[in-house]
Amino acid sequence: MATRTLIVVSILIALGSASAADSKNNPADELVGVINQNRTAHKSSTLADNPGLACLALQYIKAYDGNCDDVAGSDAKKPAETAFAETFAPNCGVEVSTLGQISGRLLACQSKYAEPAEAFSNVLFENGKSLSILYNKNHTEVGVGIQGTDGGGPYFWCVLFSSGNPNTSFQLQGGTAIKQRPGCYSGTNDPCSAATRSRLSSSLTVTGFSLLALVVASIFVN
């Protein structure tokens, strides 16, 4: 009986640990890591991960209201440049006077979620034009925003590059960005909300508790 109880406790601890690990997961931070790895492999400098710029990237996504069709193609649209100062910065708590030059931007959307490495290669940087933006030597900082819609697809990725001074550009009022939900952005280590792996996490949790139920059932049957 003691051994069976230990098995149940071990499963509960494992489930709790998995949940905690998942809550700390921020794919936007991971994508910045992939971007910098590819830049250094191409003899380009690493970029500072600026949370203020990253929050603007998430706001850029939100301007599309979940409309994937507006991202590319003949009907593609994009927010007005004035939106950065008039809407995005105030929503993030970024001081408007510190807005720097946007030296490059990439926006992508698809129905299926992609892990950071896959999103880098197959969603964002899949052609010569996007790669030329990636390796631009004028960039000094980067910010990434990721968001799903209603806890699922479509999924949006936005990467903003800037040539500003990482120590003075896109500064947050009080040093902390205003919380953004749903989605997540880089530079904060905050967990993602309704942006990425919620379905996978739910599946793992259900599987784990199903296993726990089987073990408990076995204990009582035997």
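The values are calculated or read from the model by the stated rules, or taken from the named source; none is laboratory data. No experiment lies behind these values; they were computed from the predicted model shown. Virtual Cβ from ideal backbone geometry, glycine too; neighbours counted across all protein chains shown.
Residues in region 55-72 that are at pLDDT below 90 and touching a Ser or Thr at 6+ places or on another chain (Cβ under 9 Å): none. Among the residues of region 22-77, how many are over 21 Å from GLY100 (Cβ atoms), free of Cβ contacts under 8 Å to residues at least 24 places away in the same chain and part of a loop (DSSP other than H, G, I, E, B)? Number of matching residues: 8.
Scanning for something at pLDDT below 85, in a loop (DSSP other than H, G, I, E, B), of a type in the set (Val, Ile, Thr) and farther than 26 Å from LYS43 by Cα, does region 159-178 turn up at least one residue? Taking every residue of region 159-178 in turn, at least one turns out to be at pLDDT below 85, in a loop (DSSP other than H, G, I, E, B), of a type in the set (Val, Ile, Thr) and farther than 26 Å from LYS43 by Cα. Restricting attention to region 92-110, the residues that are in a helix (DSSP H, G or I) and buried (at least 16 other Cβ atoms within 10 Å of the Cβ) total 2. Scanning region 111-123 for residues that are in contact (Cβ under 8 Å) with a residue 40 or more places away in the chain and surrounded by 12 or more Cβ atoms within 10 Å (Cβ to Cβ) gives TYR113, ALA114, GLU115, PRO116, ALA117, ALA119, PHE120. Of all residues in region 140-190, exactly one satisfies the criterion of being over 18 Å from TYR60 (Cα atoms) and among the charged types (D, E, K, R), namely ASP190.
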